[in-house]
Amino acid sequence: MLVSAKEMLNKAREGKYAVGQFNINNLEWTKAILLTAQECNSPVILGVSEGAGKYMCGYKTVVGMVKGMIEELNITVPVALHLDHGSFEGAKACINAGFSSVMFDGSHYSIEENIAKTTELVNACNVLGLSLEAEVGSIGGEEDGVIGAGECADPDECKAIADLGVTMLAAGIGNIHGKYPENWAGLSFETLAAVKEKVGDMPLVLHGGTGIPADMIKKAISLGVAKINVNTECQLAFQAATREYIEAGKDQQGKGFDPRKLLAPGFEAIKATVKEKMELFGSIGKA
C-alpha cells in the first residue's frame, strides 16, 4: 500500500540519512525503482511531475499502476507516491486521484499567496493523512516547464510556510535541476543552516540531486535534509543504456522489434543508479 512520506522522513531526519525521491515516467522506471528499494530494504518516494502524469494517461492511471506493482511484486518497504513541483490545481487533482503525498510549488507566488494556497492544502492533507511538501525560493534550471533562477530562500519566509504545518520544506540553496554547469558556485550551507535554525526539526528537501558532490550531499543531510530528489541522473543512465543497445543491434533490423528487449538495458541502468544513490543517502536497510 501507499503511505504518507511523513514517518519515513521523520525517521530519516532523526537517523541522519535521506530518503531518495526518484521520478517515474513509465512502467519500466517504476518497476526498476520499486524492485531496487525492496532489494535494498530502503523506503522510497516515487515522484511524478505533472508532465509525466499526463504522459502516463493521468493521475488515476499512475495510482493504479503503482498500487498494482506494489501488490504483484510483493513490495513491503514504505512507498510514497508524490506529486513533484505541483501547481495548486495539480495538487488537488492528485489528492483526489489517490496520491499519498503532494508538493505544492508556490515559490513563484508572493509569500502571501504562497501562504494562502499552502494553508488550504495543509487542511486537506491533514484530514486525509497525506504528506505535503512546500517550496520557498525557486530551484534553478527547468523541469517540466517550471523554470527557476536558483535563488536562495529567505529563512523568515521558510519559517512562515513551515509554521502552517507542512510535512517537509524545499528551500532553495543554490541547487538547480538538470546538470550543473562548470561554474556552479555550490550549495549555500549558510542559507541551509539559517533555514534549519528557523524551522527546527522539520525535514528539509534538496531538489536537483544529480551531480551534487558526495561531500555536499552528506553535509546537507547533517543540516536537516531528509529527502533528496533525483531525476536527471536516471534519465541520462536510461538514455545511454538504450542508445548502446540500439547501436549494438543495428545489424539486426528487419528481424522484429521487441520493446521489452529494447528497454531492458535502461531498466537495469536505472536500478544501478537508484542503488548508488540510496547508498550515498544512507537509506539502505532503513525500511
Using eta = 1.306 mPa s and T = 10 °C, Stokes-Einstein with Kirkwood Rh from Cα pairs puts D for the chain, in µm² s⁻¹, at 84
Hey, got the dipole for the chain? About the Cα centre, +1 on K and R Cβ, -1 on D and E Cβ, debye to the nearest 20?
900
From the phi of every residue in region 188-199, what ³J(HN,Hα) in whole Hz does the Karplus formula 6.51 cos²θ - 1.76 cosθ + 1.60 yield, where θ is phi - 60° and glycine or proline is x?
8, 6, 4, 5, 4, 5, 5, 5, 4, 5, 7, 9
Do the sum for the chain: with -39,500 (n - 2.57) for every DSSP H run of n ≥ 4, divided by all residues, what is the mean residue ellipticity at 222 nm, to the nearest 500 deg cm²/dmol?
-15500 deg cm²/dmol
Output ordering of 81-93, 213-225 (per-residue mean of other Cβ within 10 Å, highest first) is 81-93, 213-225
Of Lys117/Lys277; Lys198/Lys275; Lys11/Lys219; Lys16/Lys277, pairs whose Cα-Cα distance is over 23 Å
Lys117/Lys277; Lys198/Lys275
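Bear in mind that the values in this text are calculations on the coordinates, not laboratory data. Remember, it's a predicted structure, so these values are computed and weren't measured experimentally. So basically every Cβ, Gly included, is an ideal-geometry build from the backbone, and we count neighbours across all protein chains shown.
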